[in-house]
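Peer 1: The structure that follows is given in the form of structure tokens.
The values are calculated or read from the model by the stated rules, or taken from the named source; none is laboratory data. Since the structure is predicted, the reported quantities are computational estimates derived from the model, not experimental observations. Cβ placement follows ideal geometry from the backbone for every residue including glycine, while neighbour counts extend to all protein chains displayed. Accessible surface areas use protein heavy atoms only, side chains included; no ligands, DNA or RNA. Shrake-Rupley method; radii C 1.70, N 1.55, O 1.52, S 1.80 Å.
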Amino acid sequence: MKCIIKMHEHSTYGAGKTVLVDAETYEPIFKHGGVITVTSEGYRLTTKAGEVIREGTETDAIQAVKALDFYIENLMVVDEVKEVELPYSDYLRKYGHGLIQRNNTRRFRYVTLTEDDATAFGIVERKENETIAFYSIYEPTKLTNRERTLYLLDYINDLLNAEDFAFINGHGVSTSHIKHWKNDRQALRLYATSIDKANKEALALAEDALQRKTTIIEKMEDTK
């Protein structure tokens, strides 16, 4: 492998960044970008040409990048555990919970219903007065009010990207149970209303789930 050195670039504003360069040519090692591949065993950082620059046991792509002591302008993340391949900036927006500002508001409406041996969740996501996603969820167990609350919070939290904040309004859970949910990132706000004021689409989705005894999900557009 070629000899590599670190070079610190300065700017007129006093800031700068450290990059890796070829010791002979002074060409940036990551001139054409880099790739960090993460598996359950660790990570491997390579150039776009496939030359291995660094390896380690860190299995979290974001933590591996944060630990680098040099800058890569165009970095691609190949996460074999999550089965995604994204530019690092997009990867951070999706998975960097707690690391970036939550400035994208998403709004959900829900209804939960129970029978003797089942629970159903009807969830819709609304954007600009239009429904963009339907979740008709069937669980073959009668959940308690507390269990339904935590289930709903967990389910919607898993739908969020790192930049997202969610308002959730509907019927069938108790907001008093939110304190039992470990919302360290403060990503959600949960509100409850009466069944007659609940979203009709969400109610229909919950009723359909109980009747079908299956789960159906449909997204009308890319919700990131």
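Peer 1: Restricting to strands (runs of 3 or more DSSP E) lying wholly in the stretch 1-111: which have 3 or more residues that are closer than 30 Å to Asp158 by Cβ and within 28 Å of the chain's Cα centre (by Cα)?
Peer 2: Answer list for the stretch 1-111: 34-38, 43-47, 75-79, 84-87.
Peer 1: Let me ask something else. Return the total of residues in the stretch 48-87 being under 18 Å from Leu99 (Cβ atoms) and among the aromatic types (Phe, Trp, Tyr).
Peer 2: The qualifying residues number 1.
Peer 1: Can you tell me which residue within the stretch 136-153, out of those that are over 21 Å from Ile178 (Cα atoms) and assigned to a strand (DSSP E or B), is most open to solvent (accessible area, probe 1.4 Å)?
Peer 2: It comes out as Tyr138.
Peer 1: Sticking with this structure for a sec: Can you tell which of Gly56, Gly42 is of a type outside the set (Asp, Glu), touching a Phe, Trp or Tyr at 6+ places or on another chain (Cβ under 7 Å) and surrounded by fewer than 18 Cβ atoms within 10 Å (Cβ to Cβ)?
Peer 2: Gly56
Peer 1: Right, another one. Step by step: first the residues of the stretch 66-84, then only those that are at pLDDT 95 or above and among the β-branched types (Val, Ile, Thr), then the one that is most open to solvent (accessible area, probe 1.4 Å). Which residue is that?
Peer 2: Val78
Peer 1: Just checking, does the stretch 160-181 include any residue being of a type in the set (S, T, N, Q), more than 29 Å from Gly98 (Cα to Cα) and touching a residue at least 12 places away in the same chain (Cβ under 8 Å)?
Peer 2: No, the stretch 160-181 has no match at all.
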